[in-house]
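Report on one structure; see the data block that follows.
Readers should treat all values here as calculations from the given coordinates under stated rules, not as data from a laboratory. Keep in mind that what you see is a predicted model, and the values were worked out from it rather than measured. For neighbour counting, all protein chains shown are included, and Cβ atoms are generated from backbone atoms with ideal geometry for every residue, glycine included.
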Amino acid sequence: MDFANLKAEIIDFSKEIGIDKIGFASADPFLELKKRLYKQQQLNYQSGFEEQDIEKRTNPELLLQGARSIISIALAYPSKIKDAPRSTRSDRRGIFCRASWGYDYHHILRDCLKKLEEFILEKVPQAQVKSMVDTGELSDRAVAERAGIGWSGKNCAIITPEFGSFVYLGEMITTIPFPPDQPIEDMCGTCTKCLEACPTGALVQPGQLDAKKCLGYLTQTKGFLEDEYRGKIGNRIYGCDTCQMVCPHNKGVDFHLHPEMEPDPEVVKPRLRSLLFLSNKEFKEKFGPIAGSWRGKKPLQRNAILALAHYKDVTAIDDLAKVLAEDPRPVIRGTAAWAIGRIGAPEGKKILERAKLKETDEEVLAEIEKGLRLLMDRMIEKQD
């Protein structure tokens, strides 16, 4: 079989089904990545969300016997919201990162890969394929880099010449020996804007991320956010786009090629106070279709409380007092206590002292004490 000709047919078909960029790579083991991953593991820089077996992450043969090639696909997503609602003093809003706008990209890319699989197997019935998106064992970015989709930026994102880094990635391992594409030149040069802009210093050096410090990871955790990061979360409800937004290769990049990726402004830039009392059913109906809902409502509600504290939103004090008094989850009650202290409204002291008399959870009590200390600090500042 003429595999070069088949490759050309696949490229043409990929355009028909809405794939914005496609590349082909060998299925050789990712030896350099393997070294980096072991180093990341030693430094405890991994988030814990990724596949733990480094051999599986770097050797396609372990995932599909007889693997010869990997097909990498990329779909471009929007970076701007049309008619975005404004956050005002009486109506503060949070923000979801751009990669979680629109319909959950996992489903979109899996649908594309399924169509691609069917096309290939119709042409080569004896072939075997295995597709994955994001949560699979392989590193989407390592595959995309090898396949010439883009280069790996200093912010650890794949940057494409056409769409910047605003692309979703997926891949398919195959037993077909396709002619591979060539990786493209790294165009980051001497620029270090992403490293300088990272709010938490999670980008420890070019191409190396301490995932446990990244706000993209921290917004997805379910426990109390460590004190050092609470003031850095801003109005982020899920994820962080800072290292992408400062990247010169993303300047002016905003593609609206897929209707299903268009964000609902009220979903991806939600009113903060409206997030506090959502039922499970309401949460699922409103946020269930987007990728940013996968960890459930608890982390997002905690982040909304931290965002209200960031804004020092005195209009939210009554709602936070209700959360502190009535929410059954210690993390949410405790975060509300801290936020009340951070906001510094005069009635905050009575609210926290009243809650202190009724609270039984030790961690929440510790957060109430933090809130009271913050209020005391604010009083001292005003006196000075």
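Some points to look at:
- At an R0 of 51 angstrom, the distance between the Cβ atoms of Asp53 and Leu257 translates into a FRET efficiency of 0.90.
- For region 288-297, 3J(HN,Hα) per residue [Karplus equation, 6.51 cos²θ - 1.76 cosθ + 1.60, θ = phi - 60°, Hz, x = Gly/Pro]: x, x, 9, 5, x, 9, 5, 8, x, 7
- Counting Lys and Arg as +1 and Asp and Glu as -1 over every other residue whose Cβ lies under 10 Å from the Cβ of Gly102, the net charge comes to -3.
- Long-range amide H partners of Glu262 with built H, under 5 Å: Tyr103
- For region 1-150, a/c is not less than 1.5, where a ≥ b ≥ c are the root eigenvalues of the C-alpha gyration tensor, and a/b does not top b/c. That puts it in the oblate class.
- Calculated FRET efficiency for the pair Glu118/Gln65, C-beta based, R₀ 22 Å, to 0.05: 0.55
- Cα centre as origin, Lys/Arg/Asp/Glu Cβ charges: region 193-383 dipole, Debye: 200
- Charge dipole (Cα centre; +1 on Lys/Arg Cβ, -1 on Asp/Glu Cβ; no other charges) of the chain amounts to roughly 1360 debye.
- In sequence order, calculated HN-Hα J values of region 230-238 (Karplus, 6.51, -1.76, 1.60; Hz; x Gly/Pro): 4, x, 9, 6, x, 9, 6, 9, 7
- Cysteines, the chain, no other Cys beta-carbon under 4.7 Å: Cys97, Cys112, Cys156, Cys188, Cys191, Cys198, Cys214, Cys240, Cys247
- Nitroxide proxy distance, nm - points 7 Å out along Cα→Cβ at Glu282 and Lys312: 2.9
- Sequence-distant residues sharing a close amide H with Ser165 (under 5 Å, placed H): Thr160
- Options (i) 1.03; (ii) 1.11; (iii) 0.95 - which one matches Cα Rg over 2.2 N^0.38 Å as calculated here: (ii)
- Spin-label proximity, Lys322 to region 60-101 - amide N less than 19 Å from point 7 Å beyond Cα toward beta carbon: 90-94
- Fluctuation leader among Asp264, Asp313, Asp12 - the chain, Gaussian network, Cα springs under 10 angstrom: Asp12
- Residues of region 236-280 with amide N under 17 Å of the 7 Å Cα→Cβ point at Ser90: 271-274
- Placed amide H near Gly170: partners under 5 Å, 5+ positions off or other chain: Ile73
- Modelled spin labels at Lys298 and Asp28, positioned 7 Å past Cα toward Cβ, are 4.6 nm from each other.
- Segment Asp264..Lys358, full-extension length gain: 29.8 nm, with 0.36 nm per residue of separation and the alpha-carbon distance subtracted.
- 15 Å reach of a label modelled at Ile17, 7 Å along Cα-to-Cβ, counting backbone N of region 125-142: 125, 128-133
- HN-Hα J in Hz across region 74-87 - Karplus 6.51, -1.76, 1.60, θ = phi - 60°, x for Gly and Pro: 9, 10, 7, 10, x, 10, 10, 9, 6, 6, 5, x, 8, 8
- When shorter helices are ignored and each DSSP H run of at least 4 residues is given -39500 (n - 2.57), the per-residue value for the chain at 222 nm works out to -12500 deg cm²/dmol.
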